[in-house]
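The values are calculated or read from the model by the stated rules, or taken from the named source; none is laboratory data. Owing to the predicted nature of the structure, the values given are computational and were not obtained by experimental measurement. No Cβ is skipped: glycine too gets one built from the backbone with ideal geometry, and neighbour counts run over all protein chains shown. Just the protein is used for accessible areas: all its heavy atoms, side chains included, with ligands, DNA and RNA removed. Shrake-Rupley method; radii C 1.70, N 1.55, O 1.52, S 1.80 Å.
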Amino acid sequence: VSYVENVPYPVRSGLYNAATNLEEPSSAINNLLQGKVGPAVENVGRFVINSTVGLLGIFDVAQHMGMEPQLEEFGEVLGVWGVDTGPYLMLPVMGPTDARDKVGDFVDGTYFPISELNFYTTFFRYTIKGLHVRGELIQQESLLDGAIDPYSMVKDIYFQNVENKVNDGEILEEELDEELESLMDEID
């Protein structure tokens, strides 16, 4: 909270951009593993442009050139390949996750340039990303205050978000049919 209040938005945004710029090469590989050649090429282009013209990714020049971020994690690749999420984990400081995502994070950490970072740079990168995400969630805390079961609510939202990422935002027709059928059963 103090980070959001005391660090100007342009500085926070630049640090976050630099941290996520390091993930572009792994996203390129993960896009290729899902058969998405176009987004993979765009990841490589974004990395080159933002690492040079964007001063190590501080400025997202590529986005201003019409190259939107196409970040993909290996956990999403596993999801596309049919691997189940496994158990849900609520980790202190890190927040909600699942076994598939943790395996994906490990694999993503083996890609260049992330694999070449020393402990301090890696710690700084995770800290910046964590502070950024926490700052974004501050506005949504009021939803938890009104929830009957905040834990279940966070878990449901987490898994809906994971499914949305794996399906690239497309709602599967069979899932809609199942949800409609479930609602109709509740009404009867």
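Quick notes on this structure:
- Filter result for residue 95 (open to solvent by less than 40 Å² (accessible area, probe 1.4 Å) and not polar (S, T, N, Q)): yes
- One residue stands out among those in the stretch 1-17 that are touching a residue at least 12 places away in the same chain (Cβ under 8 Å) and under 19 Å from the mean Cα position of the chain (by Cα): the one that is least open to solvent (accessible area, probe 1.4 Å), which is 14.
- Residue ID - modelled with the lowest pLDDT, chosen from residues in the stretch 169-188 that are open to solvent by less than 80 Å² (accessible area, probe 1.4 Å) and not in a helix (DSSP H, G or I): 172
- In the stretch 99-150, residue nearest to residue 27 (Cα to Cα) [restricted to those that are loosely packed, with under 13 Cβ neighbours inside 10 Å and among the charged types (D, E, K, R)]: 116
- Candidate set from the stretch 40-80 (those that are over 15 Å from the mean Cα position of the chain (by Cα) and in contact (Cβ under 8 Å) with a residue 40 or more places away in the chain); member that is least open to solvent (accessible area, probe 1.4 Å): 57
- Unique residue being touching a residue at least 24 places away in the same chain (Cβ under 8 Å), closer than 26 Å to residue 116 by Cα and β-branched (Val, Ile, Thr) when the list is 20, 85: 20
- Helices (runs of 4 or more DSSP H) contained entirely in the stretch 44-163, each with at least 2 residues that are under 21 Å from residue 7 (Cβ atoms) and of a type in the set (D, E, K, R): 119-137
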